[in-house]
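All remarks here apply to the structure that follows.
Nothing in this text is a laboratory measurement; each read-out follows from the coordinates by a stated rule. Quick caveat: nothing in here was measured; it's all calculated off a predicted structure.
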Amino acid sequence: MKRLLLVLAILFLASSAHAARLEVSTGDPVEVRIGVGVPTVVTFPEGIKAIPTSADPSALSLEIEGERLFIQSLRAGYGTTLFVIGKSGRLHLLKLVEHDTPDTEVQLILPQAPPRFVEPPPVVSGRPGRARRPQGNPLRRLLVAMLKGETLPGVEVLAHSQSLASSAEVEIETTYLYAAGRYLGFLGTARNLTQAPFVLRLPEYQAPGLKAIAADLETIPAGGETRVYLVVEPGSPY
């Protein structure tokens, strides 16, 4: 079970080679792992206007096509930070580092959450001077929205199909990604591939950035399935 949970951590908080990885462009550098001779594509949430940083052409190949930046390392041991300006004028930072398992695809998303999502305006009751605010913090409300299958103002919902884990006992795949401000919510389906009940010991799982984790069923019946919910804050250590 611990190995299964480790796979989840690797998917959300790092990435494996030859797989797409989602990152939030928050203004902090996004690490992109490169390797000599291995092409890497970074897809931005908007078209690319310019890259006002110089890179040694003998060490790094850069090509722009719309909202995609194609990167290929030409020399071992090379790394740099790229400043990429989008069509809107927003600055995106990429930190290129050499790695044994380079990325093949990294997709940046830019959730558009209005300030009111953090604390919605009060709802005026029948009595003057009295107001009632929604209960719970934004994180809790995001998880509740995922559990109920609802959307909230300032929450972007994207179809997201990717395998999280696959073993002889269970397989887990995502179906939707919820993006709300600095939080990402992943909705997935866990399927029991055995002929015996399978226990998801989710409370035992801990990882940097993990804010909440839950499932409809703690024990999946033989051959059955359940929904799994994860909320993470990229870049947060807790």
Q.
Consider region 22-56. How many of its residues are within 15 Å of the chain's Cα centre (by Cα) and hydroxyl-bearing (S, T, Y)?
A. 3
**Q.** Candidates I51, I64, I71, filtered to the one that is aliphatic (A, V, I, L, M) and under 18 Å from L22 (Cα atoms)
**A.** I71
